[in-house]
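Visitor: Attaching a single structure in C-alpha cells format; questions to follow.
The values are calculated or read from the model by the stated rules, or taken from the named source; none is laboratory data. Just so it is clear, the model here is predicted, and its values are computed rather than measured. Reconstructed Cβ throughout: ideal geometry from the backbone, glycine too, with neighbour counts over all protein chains shown.
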Amino acid sequence: MKKLKIFTLVALLGLSCTGKSWADDSAGDSPTVTPTPLSDSQEIALLNQRIDSLQDHVNTKIDVLLQYYYEHQSNGSAGTGGIYAKPGTNEWDSFNFRRSDIILTTELQPQKIALIWNLDPSQKSFWNGPNYATLIKDLYVRFDEIPYVSIYAGQFKFAQGLEGRTFSGNLDFYDYSGIANYFGNKRDTGIQIAGSKIPAGAFQFEYQASLIGGTGQSTWDNNVDKDISGRIGITYDDNLYLGATGYSGWEPNGVRNDWSLEGRWVYEGFKVQGEFLEGQVDPADNSNANNSVWTSVPTGWNGETKPLGFYGQVSYRIADYRLGLRYDAYNPDTTTGSFYNSEQDTLTIGFDWFQDKDAFRLGLNYEDHFAAYQSIVSQVQVFI
C-alpha cells in the first residue's frame with residue numbers, strides 16, 4: 001500500500017506541475033489571481049486525503065485456491081479382470097494440480113459494481129477452432145444496485161446443477177458426480193440475472209436466468225443461436241433447500257435439452273444432498289453454425305441420446321473432521337439398444353481434516369467404479 005501511495009503521489013505531482021506550466025504559457029496578458037502556494041507537507045497531506053477517499057470507494061481483494069492431489073488407480077490384474085492383458089499396466093500413480101485459482105474482486109462503492117477475474121495458471125491451454133483458450137475462467141462485471149437483483153455480463157458459471165455451480169473449495173468430494181461432469185462446472189459468455197435470500201417468512205427464494213452464447217468457455221460466439229438456462233430454489237428455515245434447473249440450446253452434434261431437480265438438508269454437522277437429471281441430445285437437429293465444444297456424443301453418431309443420472313450423498317462433520325458417503329449413477333444414453341446404454345455407478349467414501357478456519361483441508365477419497373476400476377485420491381487444499 002505504501003508503494004501505491006508513493007507511485008500515486010509522484011504521478012499526481014507530475015500532472016500538477018504540467019498543468020501549472022501549461023497555465024503559465026497560455027495565460028498571456030490576461031489578468032490573473034495568484035493563489036497562495038501550499039507547502040510540500042500540505043500538498044502531500046492533500047494527496048493522501050485524495051488517495052484515502054479513493055480507497056473508501058474502491059475495495060479490492062484477492063483469494064487463492066490451491067488443490068494438489070495424488071491418485072492411485074487400479075483396474076485389476078492381468079488374467080483377473082484387468083482391462084489390459086499386460087502385467088503392470090493395470091495400476092498407476094499420479095501427482096497433479098487440480099486447481100490453482102487466483103480470484104481478483106474489485107468493488108466500486110456506493111455504486112455496487114464489481115469486476116471479478118478468476119485465473120488458473122494450472123489450466124491447460126488448448127486449440128479450439130479460431131482461438132486459443134486462455135487461463136481465464138471467470139471474467140465478468142456484476143451490478144448489485146437493485147435489492148435481490150444481480151446482473152452479470154461476461155464469462156461466468158451460468159444456471160446449472162447444485163454440485164456444478166458450487167465453489168470448488170466447498171465441494172464435499174474431490175471428483176464430480178456423473179451428472180455434474182455431463183452438465184456441471186460449465187462456463188460461457190453472456191448475460192445473467194440472479195437473486196438470492198429473498199425473504200418470505202420462514203422461506204427464502206432464489207432465482208437465476210442466463211442467456212449465453214452456447215459455445216463454451218473461452219470461445220468465440222457464433223452469433224447465430226443463443227442458449228437459455230434457468231434455475232429456481234427455495235430454502236426453509238435455513239436448513240432445507242429444494243430447487244430445479246432447466247437448459248435448452250445447441251451442442252456440437254445437435255440440440256440439447258436438460259432438466260434437473262436438487263435438494264439439500266443441513267442440520268448442525270449432518271448433511272444430506274442429492275440431484276436428479278434427465279436430458280436429450282439430438283444430432284438430427286444440427287447446424288455447423290451452432291457447433292460448440294461441450295458434447296460427449298461422438299462425431300458421426302446420428303441417433304438421439306438420452307442421458308440420465310442421479311446421486312445421493314450423506315456426510316457428518318464433528319469439530320475438524322468430516323466423513324462422507326456418496327452413491328452416483330449415470331447413463332450417457334438410456335435409449336434401448338444403444339451402444340452407449342451403459343450404467344456407470346460409483347461409490348465414494350471421503351474423509352477430511354480441516355484446520356485454520358477451513359483454510360487448510362487434507363483428505364482422502366476412495367472410489368469404487370464397480371466393474372471399471374477403483375481409485376484412491378489424496379488431496380491437500382489451501383484457500384486464502
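Visitor: Among the numbered criteria (1) modelled with pLDDT of 90 or more; (2) among the hydroxyl-bearing types (S, T, Y); (3) under 16 Å from the mean Cα position of the chain (by Cα), which one does T134 miss?
Guide: (1)
Visitor: Here is a follow-up. Run down Y373, Y366 and say which single residue is out of contact with any Lys or Arg (no Cβ under 7 Å at 6 or more places or on another chain) and at pLDDT below 95. It would help to see each step written out before you state the result.
Guide: Values: Y366 fails: at pLDDT below 95.
After ruling out the rest, the residue left standing is Y373.
Visitor: Looking at I102, I116, which is the one that is assigned to a strand (DSSP E or B), at pLDDT 90 or above, under 23 Å from I191 (Cβ atoms) and within 19 Å of the chain's Cα centre (by Cα)?
Guide: On the way: I102 fails: under 23 Å from I191 (Cβ atoms).
The match here is I116.
Visitor: Right, next: Does L323 fit the bill of being closer than 24 Å to L240 by Cα, at pLDDT 95 or above, surrounded by 18 or more Cβ atoms within 10 Å (Cβ to Cβ) and not charged (D, E, K, R)?
Guide: On the way: closer than 24 Å to L240 by Cα: yes; at pLDDT 95 or above: yes; surrounded by 18 or more Cβ atoms within 10 Å (Cβ to Cβ): no; not charged (D, E, K, R): yes.
Taking the combined requirement at face value, the residue does not satisfy it.
Visitor: Can you tell me which condition I191 does not meet? The list is (1) in contact (Cβ under 8 Å) with a residue 60 or more places away in the chain; (2) farther than 25 Å from D238 by Cα, and all the others hold.
Guide: Here I191 clears every test but (1).
Visitor: Tally up the residues in the stretch 251-294 that are under 30 Å from F173 (Cβ atoms), at pLDDT 65 or above, touching a strand residue (DSSP E or B) at 6+ places or on another chain (Cβ under 7 Å) and not in a strand (DSSP E or B), please.
Guide: Count: 1.
Visitor: Same structure, new question: Among the numbered criteria (1) among the polar types (S, T, N, Q); (2) within 17 Å of F310 (Cα to Cα); (3) crowded, with 16+ Cβ neighbours inside 10 Å, which single criterion is violated by N341?
Guide: (3)
Visitor: Can you pull out every residue in the stretch 210-244 that is of a type in the set (V, I, T), within 21 Å of the chain's Cα centre (by Cα) and buried (at least 19 other Cβ atoms within 10 Å of the Cβ)? Break it down into steps so the answer makes sense when it comes.
Guide: From the stretch 210-244, those of a type in the set (V, I, T) are 212, 215, 219, 224, 228, 232, 234-235; that's our starting set.
Filter once more, keeping what is within 21 Å of the chain's Cα centre (by Cα): 212, 215, 219, 228, 232.
I212, T215, T219 - these are the residues of the stretch 210-244 that are of a type in the set (V, I, T), within 21 Å of the chain's Cα centre (by Cα) and buried (at least 19 other Cβ atoms within 10 Å of the Cβ).
Visitor: What residue, of F310, F360, is within 21 Å of G184 (Cα to Cα) and modelled with pLDDT of 90 or more?
Guide: It is F310.
Visitor: Tell me the residue from S74, S30, S53, S39 that is exposed (fewer than 12 other Cβ atoms within 10 Å of the Cβ), at pLDDT 70 or above and of a type in the set (G, A, S), please.
Guide: Working: S74 fails: exposed (fewer than 12 other Cβ atoms within 10 Å of the Cβ); S30 fails: at pLDDT 70 or above; S53 fails: at pLDDT 70 or above.
Only one candidate passes the filter, namely S39.
Visitor: Another question, if that's okay. Of everything in the stretch 161-197 that's among the aromatic types (F, W, Y) and in a loop (DSSP other than H, G, I, E, B), which residue is surrounded by the most Cβ atoms within 10 Å (Cβ to Cβ)? Even if it seems obvious, please write down each step before you answer.
Guide: Step one: list which residues in the stretch 161-197 are among the aromatic types (F, W, Y), which gives 167, 173-174, 176, 182-183.
Filter once more, keeping what is in a loop (DSSP other than H, G, I, E, B): 167, 173-174, 176, 183.
Values: F167: 12, F173: 24, Y174: 21, Y176: 19, F183: 21.
Across the stretch 161-197, the extreme among qualifying residues is F173.
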